[in-house]
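The values are calculated or read from the model by the stated rules, or taken from the named source; none is laboratory data. Remember, predicted model here, so these are calculated numbers, not experimental data. Here Cβ is always computed from backbone atoms with ideal geometry, including for glycine, and neighbour counts include all displayed protein chains.
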Amino acid sequence: MENQNNNQNNPNQNGGGSDNNHRRNNRFSWIICLVAALFVLFSFTYMSKQMEAGTLKEITYSEFIDLLEQGKLSAIEVQPDKERIVLTPVSGGVEYGVGITYYTGYFPYDTGLQQRCEEAGIKYAATYTDKTVTILDIILSYVLPFVLIYVVMILLFRMLTKNGGMMGSVGKSNAKVYVEKETGVTFKDVAGQDEAKESVTELVDFLHNPGKYTRIGAKLPKGALLVGPPGTGKTLLAKAVAGEAKVPFFSLSGSDFVEMFVGVGASRVRDLFKQAQSQAPCIVFIDEIDAIGKSRDSHYGNDEREQTLNQLLSEMDGFDTSKGIVILAATNRPEVLDKALLRPGRFDRRIIVDKPDLKGRLEILKVHAKNVLMHDSVDLEAIALATSGVVGSDLANMINEAAILAVKEGRTVVTQEDLFESVEVVVAGKEKKDRILGAEEKKIVAYHEIGHALVTAVEKKAEPVQKITIVPRTMGTLGYVMQVPEEEKYLMSKEELMARLTMLLAGRAAEELVFGSVTTGASNDIERATSIARAMVTQYGMSKKFGMMGLESVENRYLDGRPVLNCADETAAEIDHEVMEILDRAYERAFSLLGENRDPLDRLAAHLIEKETISGKEFMEIFREAKRKDTEEENDPEIISDVAAEEKL
Ligand code: ADP
Ligand code: ZN
C-alpha cells in the first residue's frame, strides 16, 4: 500500500528502492509489449501464408499435365503474377485428397494451355492478384516494420534518457536515491561509539515525536555531520537512527550529485528533498558530503558543484522541521567543508565517529561474532588487543575471513588461530607461498626480524612479541614481528617513543651488525621511525632545541593525518637536523643492544630460519635460555638490567 502511495506522490521521479522497482517494471512491460508486437506480426504473416497453404497444395507441372490428360480437373485458374496455376479437381477424382485446391509450383507460359483446356472441357480462367490481399501485404511488409522501428526508437530513447543520457537528464531527476522503508538496524548493531550514539538518541526521539519539541517552541537540529575515518560505522549509525525511529532512510552519496552538466546536481538536490518531504518523518543521509560541500572559495572553482551546494543550502533553509526530516551527512574531511554548511540551522552538530578503542573493538568483534560459530576457547579480547588502530569495517571483515578460513580447513567452528591469521591477512596481506626466498635472503630477513623482536624483549623485559615470521605476504612484507600490547595506551612517554624508535631501527641494525652491509628491507621501518621522530620534535615538544613550540599541524585528521609544517624554511632545516639526531641515537642504541645480545640473536635467527614462523612463547624461551647461558659464562647476573639502565634517553 505505502509503496503505491509513494509512486503516486512522485510520478515522475524514478529514484528510490520501490521507485527503482517501479522503473524496472516499466521497462520490463515495454519489452514485453515489444515482444508481443513482434509475435503478433510474425504470426500474422505466417498465418496468412498458412491460410493459403492449407487450401493449396503444390504439385509439379508434369503431375498437373497428367491430371489434365486424365480428365481429373474441372477448372484451372492461371495466375501469371504469382507464377502458378490453381487447379480445381473434379470432386473425388484426385487421389491427392478432396476439397483441396492444387497448384503448380511453376508457371511455364504454356501458350497452348487454354486451347487444350477448352478441348478437354475444363474451365479456364486467368486472374491477377486480388487487390485487398495486396493492401494487407503492403501493411505487413511496408508499414509495420516502420511502426516497429519507431516503437523501438522510442523505447531506446526512453532508456537513454532514464539512464542519464543527454537530452532527458538535464533538469530531471536521476538521483540514485536509495530508500529503505525499514533499515532494521538498531543501536545494538552499532558497537562501541557510545558518545556518538548518545548524540543521536535525541534525534530519534525527535523523529518519533516532533510535536513534543515544536509545542514548546524548541527548534530542532536540521542536520548533523558524522565525522570520522572510513569504515568506522557512520553509515551504520545513520541507518540505526532511522531504524530506532522506525522512519524511512533515504541515502545518497555526495558524488552522485556531481555531474558534467551544470544544474543537474541542483535539480537532484531539489528532487531529493521533495521526495523526502513527501515521506516525512524520515532520515536523509548524504555520504561523502565533501564531494559537494567543498569550500567555495578554493582555487578550483566548479560551477556545477557550487550550484549544487547552493541548492542544498537553500533546501536546508527551506524545509519545515516540524515535519520531522533529519539530514545526516558523513565526511572524513570536515576541514574542507564550506563554512556555510556548518552554520546554525544546517549541519551545526558534529558527531565524531572515531576509530574504536580497545573496548569498542571488543564490542564490535562481539557483534560480528554473534553470527559466526566460534570455538569456546576463542578469546576476542586478545584479538581486540592485537588490532589497535583498526576500524569497524576491518574487524567485521576479519571475523568473516576467519570463518572462511575455518571452512577452508574443513572445520565447523572458528578457532583463535583462524582469527589471528585473519588479523594478519587484514594487516599484512595473505601469505605469499609462491615467493620463495633464497637462502641468503632468508637469513637476512630472519636476522632483521629477530633484531626487532630482540630489542623489544630487552627494552621492555616482557612478552610483547606475539609471532615472528619470515613467510612473505602479499602486501609486500618479507617478514614481520607481530606485537600485542598488554593494554591500550592513550599516552606515550618520551621514553616509550624512544624505545619504539629503537625497536623500529633494530632490524636494520641487526643486518649491519651481522652482515656488515644493509639492504632495502628497512624502508618501511625507516619511514615509520622518521615520522615518529618528526612528530616528537614538531608536535609533542620533546626536543631540547625547540621545546614546546608547535611546528606542525595535522591536516585530514580522519584520513591519512598528514602533518603540515608551519614554520620558516631555516627552522625546517633545523627540524631535519634534530630528527636526524634522534634517529641516530635510537639506531646506535639498537646496534649496541644487539651487539650485547649477539648469542641470543644468532640462536633465535637460526631457529627462525629453520621454522619460518615462531610464536612469542618460543621466542622468549630461547631468549631466556640463551641469556642464562650467557650470564653463567660471564658470571654476571646483573647484565640485563645494566643494559637497560644504561643511557636512559
Ligand atoms: P563508514 O560509513 O564510516 O565508512 P560503514 O558504516 O559503512 O562505515 O561501516 C562498514 C561496515 O563496518 C558496517 O556495515 C559494519 O559491518 C562494520 N562496522 C563499522 N563500524 C561498526 C561498529 N561500530 N559496530 C559494528 N559494526 C561496525
Ligand atoms: Zn623491519
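Values as computed for the structure displayed
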item	result
Conditions (1) crowded, with 16+ Cβ neighbours inside 10 Å; (2) over 30 Å from Ile470 (Cα atoms); (3) of a type in the set (D, E, K, R); (4) in contact (Cβ under 8 Å) with a residue 40 or more places away in the chain: number failed by Glu555	(1)
Check on Arg628, assigned to a helix (DSSP H, G or I), farther than 21 Å from Met536 by Cβ and at pLDDT below 95	yes
Region 352-402, subset more than 15 Å from ligand 1 (Cβ to nearest atom) and under 28 Å from Leu491 (Cα atoms), residue surrounded by the fewest Cβ atoms within 10 Å (Cβ to Cβ)	Asp379
Selected residue [over 28 Å from the mean Cα position of the chain (by Cα), more than 18 Å from Asp599 (Cβ to Cβ) and surrounded by fewer than 18 Cβ atoms within 10 Å (Cβ to Cβ)] from Gly438, Gly429	Gly438
Test: residue in region 341-351 that is within 13 Å of ligand 1 (Cβ to nearest atom) and within 30 Å of Ala245 (Cα to Cα)	yes
Residue, farthest from ligand 1 (Cβ to nearest atom), within region 407-424, restricted to residues that are under 22 Å from Thr469 (Cα atoms), buried (at least 17 other Cβ atoms within 10 Å of the Cβ) and touching a residue at least 24 places away in the same chain (Cβ under 8 Å)	Thr415
Tally of residues being closer than 20 Å to Asn597 by Cβ and either near ligand 2 (Cβ under 10 Å from one of its atoms) or touching a Leu at 6+ places or on another chain (Cβ under 8 Å) (or both) across region 513-528	4
Residues being crowded, with 24+ Cβ neighbours inside 10 Å and over 12 Å from Lys181 (Cα atoms) - total across region 234-251	5
Residue selected from region 322-338 under the condition more than 29 Å from the chain's Cα centre (by Cα) and surrounded by fewer than 18 Cβ atoms within 10 Å (Cβ to Cβ), by the criterion nearest to ligand 2 (Cβ to nearest atom)	Lys323
Total residues in region 466-482, condition within 22 Å of Glu441 (Cβ to Cβ), part of a strand (DSSP E or B) and at pLDDT below 85	5
Scan of region 203-250 for residues that are of a type in the set (Ser, Thr, Tyr) and free of Cβ contacts under 8 Å to residues at least 40 places away in the same chain, ordered by number	Tyr213
Selection count, region 218-274, where residues are within 16 Å of ligand 1 (Cβ to nearest atom) and either out of contact with any strand residue (DSSP E or B) (no Cβ under 7 Å at 6 or more places or on another chain) or β-branched (Val, Ile, Thr) (or both)	14
